Amino acid sequence: MKKNTLALIVVLLLGGTAILLMRKSGTSSVPKDLRDFAVADTASITRIFLADRAGHQVTLQKEKPGEWKVNGKWKARNDGIFNLLFVIKNLSVKSMVGVKAETNVIKNLVTGAIKIEIYKGDKLIKLYYVGGETPDDVGTYMLLSDPETNQNSARPFVMCIEGQNRYLTPVYNTNPNEWRDRTAFSFYPPDIKSVKMEFVAAKGNSFEVIQTSFNKFKVLSLPGKSNYPDFDTMAVRQYLTYFAGQSFETFLNGMEKTRRDSILGSSPLYILTVKDKNDWTTEIKLFGMEPHREEVDAKGKPEKFDLDRMYALINKNELVVAQYYVFGKLIPDIEYFAKNKAPVKK
């Protein structure tokens with residue numbers, strides 16, 4: 001009996017010493033299958049599934065190299081996909097979770113983590129859970145799981161991108177709108193057939209630019225569609241280049257129906273319609289947005305609308321927020337094309 005007790009004490013002491021040494025020596029002695037979060041060959045990834053405990057889910061599906069879809073419906077943001085794949089490839093163990101914190105970290109991972117599944121073809125090749133940030137905000141708690149058995153690892157880790165102090169959880173966003181492409185216009189100038197810019201309240205400022213052939217244009221004054229005389233061809237060319245890649249700020253899918261109906265029931269400020277040579281048309285109606293702060297005009301009167309942002313309705317369907325900083329150059333009045341513009345008063 002005494003021999004058995006002595007043997008048990010020796011085993012426990014040796015086991016404790018081994019764990020202590022493993023923790024002190026860093027992560028190199030931790031079995032790779034417990035800490036192998038990264039996917040080296042991200043080019044082989046065909047699908048990424050993200051889900052949180054609140055029921056939000058996102059499926060990112062590769063259609064072809066450089067082109068992904070969100071939930072099978074929408075084009076994905078290339079910069080968002082690039083950032084996610086970069087993190088997936090470069091995940092590195094910063095440290096093991098301390099003994100005292102381990103229970104709480106596992107509990108938080110179980111109750112509030114984001115689940116990520118990574119596929120190559122139809123095969124699940126990586127499965128792990130992404131939790132919150134460490135107290136110093138430079139690490140992220142994660143827990144690996146076996147993709148074949150769904151059996152979770154017994155040990156969570158503090159993960160990082162080597163050489164960077166980044167909190168990684170925001171990269172694994174479960175909001176589909178955050179992954180969607182926000183391009184409003186993407187027209188190569190030679191492919192543009194026409195651009196119609198309508199000022200709803202000041203119709204005399206409205207115009208239509210028509211590209212009759214390569215680098216040959218007509219400018220019409222609306223609403224009468226009379227030829228605008230002696231326009232500046234260089235100004236027209238410059239204007240068309242602005243439609244090569246303009247993006248809006250954010251989607252407004254979660255807006256209350258009554259508020260949405262109120263916005264769309266008001267009169268737009270501008271209506272911008274671009275048509276390509278295949279008659280593919282993009283129409284954007286721009287509405288004034290209520291001011292977010294007190295602003296006054298040159299006469300000291302309160303501004304009716306926000307000076308930085310507008311509501312934009314794309315193709316009679318998608319309501320978004322657009323910035324004047326981006327869209328301002330798309331909505332000049334017809335005098336923009338005048339050959340002899342009046343000098344700006346200083």
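The values are calculated or read from the model by the stated rules, or taken from the named source; none is laboratory data. Worth saying up front: this structure is predicted, and the values here are computed from it rather than measured. Here the Cβ is made from the backbone with ideal geometry for all residues, glycine too, and neighbour counts use every protein chain on show.
Put simply, of GLU178, GLU198 the only residue that is part of a helix (DSSP H, G or I) and either within 30 Å of ALA113 (Cβ to Cβ) or of a type in the set (D, E, K, R) (or both) is GLU178. Number of residues in the range 308-329 that are exposed (fewer than 13 other Cβ atoms within 10 Å of the Cβ), over 13 Å from SER247 (Cβ atoms) and not basic (Lys, Arg): the value is 3.
None of LYS275, LYS216, LYS285, LYS225 is among the charged types (D, E, K, R), more than 12 Å from TYR311 (Cβ to Cβ) and under 35 Å from the mean Cα position of the chain (by Cα) except LYS275.
Please pick out the residue among GLU198, GLU208 that is in contact (Cβ under 8 Å) with a residue 12 or more places away in the chain, within 20 Å of THR241 (Cβ to Cβ) and either assigned by TED's automatic domain parsing to the domain that holds ARG47 or surrounded by 13 or more Cβ atoms within 10 Å (Cβ to Cβ) (or both).
GLU208
A single member of LYS69, LYS120, LYS94 is of a type in the set (Lys, Arg), touching a strand residue (DSSP E or B) at 6+ places or on another chain (Cβ under 6 Å) and at pLDDT 95 or above, and it is LYS69.
Checking each residue in the range 282-341 for being free of Cβ contacts under 8 Å to residues at least 60 places away in the same chain, touching a helix residue (DSSP H, G or I) at 6+ places or on another chain (Cβ under 8 Å) and over 25 Å from VAL209 (Cα atoms) picks out LEU307, ASP308.
Exactly one residue among GLY66, GLY72 is surrounded by fewer than 18 Cβ atoms within 10 Å (Cβ to Cβ) and closer than 17 Å to GLU117 by Cβ, and that residue is GLY72. On inspection, GLY112 does not qualify as farther than 30 Å from PRO268 by Cβ, of a type in the set (Gly, Ala, Ser) and surrounded by 18 or more Cβ atoms within 10 Å (Cβ to Cβ). The range 120-171 holds strands (runs of 3 or more DSSP E) entirely within its bounds, and those carrying 3 or more residues that are over 23 Å from LYS100 (Cβ atoms) map to 123-133. When the residues of the range 86-106 are filtered to those that are exposed (fewer than 15 other Cβ atoms within 10 Å of the Cβ) and either within 24 Å of PHE49 (Cβ to Cβ) or of a type in the set (Ser, Thr, Tyr) (or both), the one that is nearest to the chain's Cα centre (by Cα) is PHE86. Out of curiosity, is TYR141 surrounded by 14 or more Cβ atoms within 10 Å (Cβ to Cβ), touching a Leu at 6+ places or on another chain (Cβ under 8 Å), closer than 16 Å to LYS115 by Cβ and free of Cβ contacts under 8 Å to residues at least 24 places away in the same chain? When the stated conditions are applied, TYR141 does not pass them.
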